[in-house]
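A.B. asks: Please find one structure pasted underneath; my questions will follow.
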Amino acid sequence: MSKDPTPKTETPLDRAHAAMLRDMDDDAARLGFYGRLADSELFLLLEQEPDGRGSITPEVLDLEGDRFALVFDSEERLSAFAETIAPYAALPGRAIAAMLAGRNAGQAPDRQIGLGLNLGVAPSSILIPAEAMDWMHAALTATPEAGHARPTGFFAPEPAPALTRALGERLAALGGSGARAWLVEADFDDGSRALTLVLSGAPEAEQERLARAVREAALFSGSDLAALTTLFVRAGSNAARDIARVGMEIDLPARKPKSVPAPPGSDPNAPPKLR
């Protein structure tokens with residue numbers, strides 16, 4: 001019998017899960033669910049309190065030979081499942097995907113670990129197999145391909161509301177980089193034309209991170225535009241002025257001062273080790 005879902009408030013993951021269930025053949029809704037899972041803070045149920053040395057031991061549920069780590073999108077839902085005070089680690093979904101991918105590498109299929117989300121305590125209760133979590137990690141960590149063609153002209157883009165919204169949300173989540181962004185159609189000297197996100201004034205040290213975020217946003221927007229091109233130009237350059245005249249600008253937050261270092265486990269590139 002299912003436990004009472006707590007809290008009653010619908011969460012973003014509930015909505016993304018419901019959209020996916022409405023049509024399991026809808027690739028956009030399914031990609032949207034994985035994108036939301038990656039960006040959500042999740043509460044991973046542990047066997048015991050973290051040891052303080054960067055290692056954690058997740059509670060693993062064995063269901064007829066399939067194994068699942070247990071996560072919840074709120075502390076209240078974790079408590080409703082555990083029915084007692086239980087140790088947990090709060091991590092972004094992308095960090096948990098990285099941990100599971102590292103743990104599953106080289107393991108026999110019956111020893112790999114998938115993800116159990118909100119089991120029995122929410123409308124978004126779902127078992128996600130290990131291979132799906134491996135795909136999610138691979139999608140999140142793929143390196144954007146560097147373009148070699150040079151742009152020769154810029155034009156107003158066709159409306160792409162889902163992509164524009166996804167780009168705005170993803171880039172805003174990175175915090176202020178001091179850049180400005182426009183969506184344009186661009187012609188290149190190899191004869192191609194592509195929908196392109198142009199970032200002006202982005203520090204060189206942040207360009208790889210921004211390009212990865214753009215690729216990720218395009219992929220998980222569920223649009224047909226996953227091959228979105230990313231272009232960096234100097235602020236105040238002739239190209240930047242041309243782009244500003246025809247492009248669709250995407251609002252980005254202003255640069256923020258450096259904050260205190262993130263707690264261990266919050267960086268998906270250096271997740272806690274599973275034991």
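The values are calculated or read from the model by the stated rules, or taken from the named source; none is laboratory data. A quick note: this is a predicted structure, and the numbers were derived from the prediction, not measured. Cβ coordinates were reconstructed from backbone atoms using ideal geometry, including for glycine residues, and neighbour counts include every protein chain displayed.
A.B. asks: Please enumerate the residues belonging to the stretch 38-89 that are among the charged types (D, E, K, R), under 24 Å from the mean Cα position of the chain (by Cα) and within 22 Å of residue 112 (Cα to Cα). Please lay out each step first, then the result.
C.D. replies: At the first step, the residues of the stretch 38-89 found to be among the charged types (D, E, K, R) are 39, 41, 47, 49, 51, 53, 59, 62, 64, 66-67, 73, 75-77, 83.
Still in the running and under 24 Å from the mean Cα position of the chain (by Cα): 39, 41, 59, 67, 73, 75-77.
Once the filter is applied, which keeps residues that are among the charged types (D, E, K, R), under 24 Å from the mean Cα position of the chain (by Cα) and within 22 Å of residue 112 (Cα to Cα), the stretch 38-89 yields 59, 67.
A.B. asks: Just to verify a result, which residue in the stretch 221-245, among those that are among the hydrophobic types (A, V, I, L, M, F, W, C) and at pLDDT below 85, is surrounded by the fewest Cβ atoms within 10 Å (Cβ to Cβ)?
C.D. replies: So the first thing to find is which residues in the stretch 221-245 are among the hydrophobic types (A, V, I, L, M, F, W, C), and the list is 225-228, 231-233, 235, 239-240, 243-244.
Narrowing the set further to residues that are at pLDDT below 85 leaves 225-228.
Numbers: 225: 19, 226: 16, 227: 11, 228: 21.
Top of the filtered list is 227.
A.B. asks: Condition first: among the hydroxyl-bearing types (Ser, Thr, Tyr) and either assigned to a helix (DSSP H, G or I) or at pLDDT 85 or above (or both). Now tell me which residues in the stretch 173-195 satisfy that. Before you say what the answer is, go through the steps one by one.
C.D. replies: Narrowing the stretch 173-195 to residues among the hydroxyl-bearing types (Ser, Thr, Tyr): 177, 192.
If the condition is that a residue be among the hydroxyl-bearing types (Ser, Thr, Tyr) and either assigned to a helix (DSSP H, G or I) or at pLDDT 85 or above (or both), then 192 is the only one that fits.
A.B. asks: What's the number of the only condition in (1) at pLDDT 85 or above; (2) part of a helix (DSSP H, G or I) that residue 170 fails to meet?
C.D. replies: Failing condition for residue 170: (1).
A.B. asks: So is residue 64 in the same structural domain as residue 32 (by TED's automatic domain parsing) and either closer than 30 Å to residue 208 by Cβ or without any contact (Cβ under 8 Å) to a residue 60 or more places away in the chain (or both) or not?
C.D. replies: For residue 64, the condition - in the same structural domain as residue 32 (by TED's automatic domain parsing) and either closer than 30 Å to residue 208 by Cβ or without any contact (Cβ under 8 Å) to a residue 60 or more places away in the chain (or both) - is met.
A.B. asks: Turning to a different aspect of this structure: List every residue pair whose Cβ atoms lie under 6 Å apart, where the two residues are 6 or more positions apart in sequence or sit on different chains, the first residue falls within the stretch 242-262 and is under 16 Å from residue 196 (Cβ atoms), and the second residue, located anywhere, is modelled with pLDDT under 70 and surrounded by 15 or more Cβ atoms within 10 Å (Cβ to Cβ).
C.D. replies: Listed by first residue and then by second, the contacts come to nothing, as the list is empty.
A.B. asks: Further, regarding this structure: Among 70, 61, 78, which is the only one that is within 25 Å of residue 139 (Cα to Cα) and surrounded by 11 or more Cβ atoms within 10 Å (Cβ to Cβ)?
C.D. replies: Numbers: 61 fails: within 25 Å of residue 139 (Cα to Cα); 78 fails: within 25 Å of residue 139 (Cα to Cα).
Result: 70 is the single residue among 70, 61, 78 that is within 25 Å of residue 139 (Cα to Cα) and surrounded by 11 or more Cβ atoms within 10 Å (Cβ to Cβ).
A.B. asks: Then there's this: Does any residue of the stretch 96-104 turn out to be of a type in the set (Gly, Ala, Ser), touching a Pro at 6+ places or on another chain (Cβ under 8 Å), over 21 Å from residue 17 (Cβ atoms) and crowded, with 17+ Cβ neighbours inside 10 Å?
C.D. replies: Yes: one or more hits.
A.B. asks: Another question, if that's okay. Would you confirm whether or not the stretch 197-210 contains a residue that is buried (at least 22 other Cβ atoms within 10 Å of the Cβ), part of a helix (DSSP H, G or I) and not assigned by TED's automatic domain parsing to the domain that holds residue 19?
C.D. replies: Scanning the stretch 197-210, I find at least one residue that is buried (at least 22 other Cβ atoms within 10 Å of the Cβ), part of a helix (DSSP H, G or I) and not assigned by TED's automatic domain parsing to the domain that holds residue 19, so the answer is yes.
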